[in-house]
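The values are calculated or read from the model by the stated rules, or taken from the named source; none is laboratory data. Everything numeric in this text was worked out from a predicted model, so none of it was measured. Cβ placement follows ideal geometry from the backbone for every residue including glycine, while neighbour counts extend to all protein chains displayed.
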């Protein structure tokens, strides 16, 4: 057994629990802390004095030199694998073009679909690995990653294959989602129902046989996949054993949040325009509200009302929505700041949103998202006076070191293989 005592921690800060929470009175702060790691798990956590007693003789010691320890961030909504670039599109928006206008002209998701279809697997994998490095350097230990930039059998499978490839080669842990229903492809222009038939008939059975893709997601939105087509696709996915996730009520109050509750979705994401009735339905169904403040910021749009979800009794997670068109960032600390400034969240609520509730949004709260005995030894260390600096001194990366599965993957802002922050 590999035992490591991590000391020299000014404070360890964490939520507690094994599932999504709607309260913020679950926080634990330990000053002058130490953490005993055995293999890939946390064996003990407490003060340095407490853990200094009765230590096994074979314990190695690591002194963090006065840093803050937190659980690694979990990012429960990312679009990891894609080809090309949409910086030109971003500049067009700065000059007044709207998201819908750009999409209607062949930009948006369809632009990335063309570039992803054209890209070879090695290029996609190299790009994804660079992104995973950047995520890790920002304290992210686990992500959800979606397909959805293929919209045909060959490219959707190519995306999933690349996810398998990079996941095996990188310490960041990944949970996969099939999102063939991200947009209506050019081949089915004006025929979303026919495309849903194609997905249900051809792709769902093939993806289900892979055995390592637990979720299906859909962009339930006006003029994309409206309620009836969304329900039909999600019912077919559930029949194949997939759990449900949804992009819902992002641009219009279509009622996607209500459908998410009806379907028993694990998570409904965006939900900027969700009604109070549907928020309450989500709470009753146990569907987590995964809010994406980076998208609202990047598109200069409306923010979801986190406080309204809290009042409805709905657990809230936060995510970057990392993607090339509407939120090109990997910083969960920045999501915390945006949520506190623009969505009515307290620091504690935002912290829970990127750790425990984010883990719950991908069914990993029993093992991830907190610093507790028995949980994964996924620990980020901040070179900061206190954990509050994640939001108080915002817009920079305070993470200096990252332990993933009991092994250091980042030391002094550098990947162990030499990649610098």
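Quick look at the numbers
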item: Count of residues meeting criterion [within 22 Å of residue 383 (Cα to Cα) and within 30 Å of the chain's Cα centre (by Cα)] in segment 42-62; result: 4
item: Residue that is closer than 21 Å to residue 294 by Cβ, part of a strand (DSSP E or B) and within 18 Å of the chain's Cα centre (by Cα), where the choices are 358, 380, 337; result: 380
item: So residue 76, is it part of a strand (DSSP E or B) and touching a residue at least 40 places away in the same chain (Cβ under 8 Å); result: yes
item: Verdict on residue 313 being assigned to a helix (DSSP H, G or I) and touching a helix residue (DSSP H, G or I) at 6+ places or on another chain (Cβ under 6 Å); result: no
item: Tally of residues being without any contact (Cβ under 8 Å) to a residue 12 or more places away in the chain and out of contact with any strand residue (DSSP E or B) (no Cβ under 6 Å at 6 or more places or on another chain) across segment 155-176; result: 1
item: Pairs, first over 18 Å from residue 328 (Cα atoms) in segment 93-122, second outside any helix (DSSP H, G or I) and modelled with pLDDT of 85 or more, C-beta under 7 Å, six or more apart; result: 117/150; 118/83; 119/83
item: Residues that are more than 15 Å from residue 364 (Cβ to Cβ) and touching a helix residue (DSSP H, G or I) at 6+ places or on another chain (Cβ under 7 Å), drawn from segment 10-32; result: 22, 24, 27, 32
item: Only one of 402, 410 that is surrounded by 15 or more Cβ atoms within 10 Å (Cβ to Cβ), within 18 Å of the chain's Cα centre (by Cα) and in a strand (DSSP E or B); result: 402
item: Members of segment 51-71 found to be more than 19 Å from residue 406 (Cβ to Cβ), surrounded by fewer than 19 Cβ atoms within 10 Å (Cβ to Cβ) and at pLDDT 95 or above, listed by number; result: 65, 66
item: Residue count, segment 98-113 (criterion: surrounded by 15 or more Cβ atoms within 10 Å (Cβ to Cβ) and either within 16 Å of residue 188 (Cα to Cα) or at pLDDT 90 or above (or both)); result: 6
item: Count of segment 251-285 residues which are touching a residue at least 60 places away in the same chain (Cβ under 8 Å) and either in contact with a helix residue (DSSP H, G or I) (Cβ under 6 Å, 6 or more places away or on another chain) or surrounded by fewer than 20 Cβ atoms within 10 Å (Cβ to Cβ) (or both); result: 1
item: Single match in 268, 238, 257, 248 (criterion: at pLDDT 95 or above and over 20 Å from the mean Cα position of the chain (by Cα)); result: 238
item: Any hit, segment 346-353, residues being farther than 20 Å from residue 77 by Cα, in contact with a helix residue (DSSP H, G or I) (Cβ under 9 Å, 6 or more places away or on another chain), surrounded by fewer than 24 Cβ atoms within 10 Å (Cβ to Cβ) and modelled with pLDDT of 95 or more; result: yes
item: Identity of the residue in segment 291-314, crowded, with 24+ Cβ neighbours inside 10 Å and over 15 Å from the mean Cα position of the chain (by Cα), that ends up farthest from residue 359 (Cα to Cα); result: 304
item: Output for segment 128-161, where each listed residue is under 18 Å from the mean Cα position of the chain (by Cα) and part of a helix (DSSP H, G or I); result: 128, 129, 130, 131, 132, 133, 134, 135, 136, 137, 159, 160
item: Residue count, segment 205-239 (criterion: surrounded by fewer than 21 Cβ atoms within 10 Å (Cβ to Cβ), within 17 Å of residue 160 (Cβ to Cβ) and touching a strand residue (DSSP E or B) at 6+ places or on another chain (Cβ under 8 Å)); result: 3
item: Among the residues listed as 164, 122, the single one being closer than 24 Å to residue 378 by Cβ, part of a helix (DSSP H, G or I) and modelled with pLDDT of 95 or more; result: 164
